[in-house]
Amino acid sequence: MTTFNQCRMKQILVPTREQVNLNNQAIFDNLKNAIGFVPNLYATYAHNETALGDYLTLQNRKTTLSAIEREVINLVVSQVNDCKYCVPAHTAIAKMYKLTDEQILEIRKVEIPNDKKLDALAKVVKEITISKGKPSPQIMEAFFEAGYNEANLVDVVMIIGDKIISNYFHGITQVPIDFPEVPQI
């Protein structure tokens, strides 16, 4: 069976700053100042005049969840979707939040024995992602029993959607990965 990537005719290239519109150039400059470089996947959104700004607005929206909870969602969704770009990217971000390699692997495996609340979050995220938004009542009950509420659930779904966008975009474009390699699980 031939896959999409095997029969793809056109390679999607990562645009340079000079190849994008002025608005995206300003975003490139802000990214370079903030994190030291423009990640290839972000740069590739700039093929469209507004997509990079729109995506960053979604990604950086105010949320009821902590930064670590957001990274749990990002890592679990990216692992479920086998995103070769986003797993390393969010591993690097998780390390900035002082998560250890062991903790990051536990999150990716959805086995977080030392934090019942994050474990419930990881499990609900995995099931929502795999079931295409139809988690079991038991998983939802465990999520709420762990201390999450309806507002948190809205944010979980928003962040899952955000991560699916980038997972799919990398799956389609296969732009080069510009983050350190991570162990496969």
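Please determine whether any residue of segment 153-168 is on the phi > 0 side of the Ramachandran plot and modelled with pLDDT of 95 or more. Step through it out loud before you land on a result.
Filtering segment 153-168 for residues on the phi > 0 side of the Ramachandran plot gives none.
Among the residues of segment 153-168, not one is on the phi > 0 side of the Ramachandran plot and modelled with pLDDT of 95 or more, which makes the answer no.
For segment 69-84, check the following and say yes or no: at least one residue is open to solvent by 60 Å² or more (accessible area, probe 1.4 Å) and on the phi < 0 side of the Ramachandran plot. Don't jump to the end; show me each part of the working.
Taking segment 69-84 and keeping what is open to solvent by 60 Å² or more (accessible area, probe 1.4 Å), we get 82, 84.
Filter once more, so that each one left must be on the phi < 0 side of the Ramachandran plot: 84.
Yes, that holds for at least one residue.
Just to be sure I understand the filter: pairs with C-beta atoms under 6 Å, separated by 6 or more residues or on different chains, first member in segment 156-180 and closer than 18 Å to VAL76 by Cα and part of a helix (DSSP H, G or I), second member open to solvent by 40 Å² or more (accessible area, probe 1.4 Å) and not aromatic (Phe, Trp, Tyr). Which pairs pass?
These pairs meet every condition: ASP162/LEU58; ASN167/ASN81.
Could you check segment 124-141 and list, in sequence order, the residues that are under 19 Å from LEU75 (Cβ atoms) and in a helix (DSSP H, G or I)?
If the condition is that a residue be under 19 Å from LEU75 (Cβ atoms) and in a helix (DSSP H, G or I), then VAL124, VAL125, LYS126, GLU127, ILE128, THR129, ILE130, ILE139 are the ones that fit.
Within segment 7-45, which residues are farther than 16 Å from TYR55 by Cα, without any contact (Cβ under 8 Å) to a residue 24 or more places away in the chain and in contact with a helix residue (DSSP H, G or I) (Cβ under 7 Å, 6 or more places away or on another chain)?
Matches in segment 7-45: ARG17 only.
Give segment 142-185 a look and list any residue that's among the charged types (D, E, K, R), more than 18 Å from ILE112 (Cβ to Cβ) and open to solvent by 30 Å² or more (accessible area, probe 1.4 Å), or say none.
Passing the criteria: GLU150, ASP178, GLU181.
Consider LYS132 carefully, then state whether it is among the basic types (Lys, Arg) and in contact (Cβ under 8 Å) with a residue 40 or more places away in the chain.
Values: among the basic types (Lys, Arg): yes; in contact (Cβ under 8 Å) with a residue 40 or more places away in the chain: no.
So LYS132 does not fit the description; no.
The values are calculated or read from the model by the stated rules, or taken from the named source; none is laboratory data. Keep in mind it's a predicted model, so treat the numbers as computed, not measured. No Cβ is skipped: glycine too gets one built from the backbone with ideal geometry, and neighbour counts run over all protein chains shown. SASA here: full protein model, heavy atoms, side chains in, ligands and nucleic acids out. Shrake-Rupley method; radii C 1.70, N 1.55, O 1.52, S 1.80 Å.
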